[in-house]
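Below you'll find the structure, written out as C-alpha cells, and then a few comments.
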Amino acid sequence: MTILYFHCSNTEIDTHLPQKNIPILPTYSFFYTNFAENKTNDMGRNKFSQKEIEEIGKLLRLKNAVNRGKQKQIRHQLRVDYEFNISDFNEPGKAFGEEELHEAVRRGAILVLDDATITAMKVKRARDKARDEAARMQEAVEKGEQTDWQEALRQWKEWEDGTEA
C-alpha cells in the first residue's frame, strides 16, 4: 500500500519584483511511503536490532525530558549513530517518543532483525557509501572541480625525495 504525504510551508516571493505588497504564497512538497516494501524516499534506516531499538527508545525518552538544546543534540545522535530520522516515522507536527517508536514497530514501519543481519547490513552500507564517494571524487577530479589529494601527495613526496638527493 502506498500512501502519499503532503506538506505545505509558507515562503515569501522574491521582493525584487515590481509589484508591491507581495503576499506569502505556500510551497508544497510531496513524499511517499510504500508500506509493502517498508521503504521511504528519506535517507534513514528502517531496520534495527532489538538492542538498537532499546537504545533508541532510551534516547527518545531522554529527548522528551530535556530542554530544546539537548533535544537537538539527541536528534543529531539518533541520525549519526543509528541513521534514525524521526521524520521518517512520525506524523508532522506531533511529538515522537518511545511509545511512537514501539507503535512504528507494531505497524511494520520499523523492522527488528537479528544482530548478525544488522551488522552485515551496516558493513554493506559502509562499503556502498565508500564506493559512491570514490566515484563522486573521481568524477569531480575528471571535471576539474576538485584536486585528487592522494595524487597531489604522491607528487609532493616524489618532489621532496628528488630535492633531498
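The values are calculated or read from the model by the stated rules, or taken from the named source; none is laboratory data. Note that the structure is predicted; figures quoted are calculated from it, not measured. Ideal geometry is used to build each Cβ from the backbone, glycine not excepted, and the neighbour counts take in all protein chains shown. SASA here: full protein model, heavy atoms, side chains in, ligands and nucleic acids out. Shrake-Rupley method; radii C 1.70, N 1.55, O 1.52, S 1.80 Å.
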Meets criteria (part of a helix (DSSP H, G or I) and either open to solvent by 80 Å² or more (accessible area, probe 1.4 Å) or modelled with pLDDT of 95 or more (or both)) for residue 51: yes
Test result for residue 154, surrounded by 11 or more Cβ atoms within 10 Å (Cβ to Cβ) and more than 29 Å from residue 83 (Cα to Cα): yes
Unique match (being touching a Ser or Thr at 6+ places or on another chain (Cβ under 9 Å) and open to solvent by 80 Å² or more (accessible area, probe 1.4 Å)) among 81, 88, 115: 115
Residue count, the stretch 99-127 (criterion: within 14 Å of residue 88 (Cα to Cα) and among the small types (Gly, Ala, Ser)): 3
Residue that is nearest to residue 126 (Cα to Cα) [pool: residues in the stretch 62-78 that are surrounded by 15 or more Cβ atoms within 10 Å (Cβ to Cβ) and among the charged types (D, E, K, R)]: 75
Pair list, Cβ < 9 Å and 6+ apart or interchain, from the stretch 45-61 residues that are under 13 Å from residue 75 (Cα atoms) to residues that are among the polar types (S, T, N, Q) and surrounded by fewer than 19 Cβ atoms within 10 Å (Cβ to Cβ): 59/77
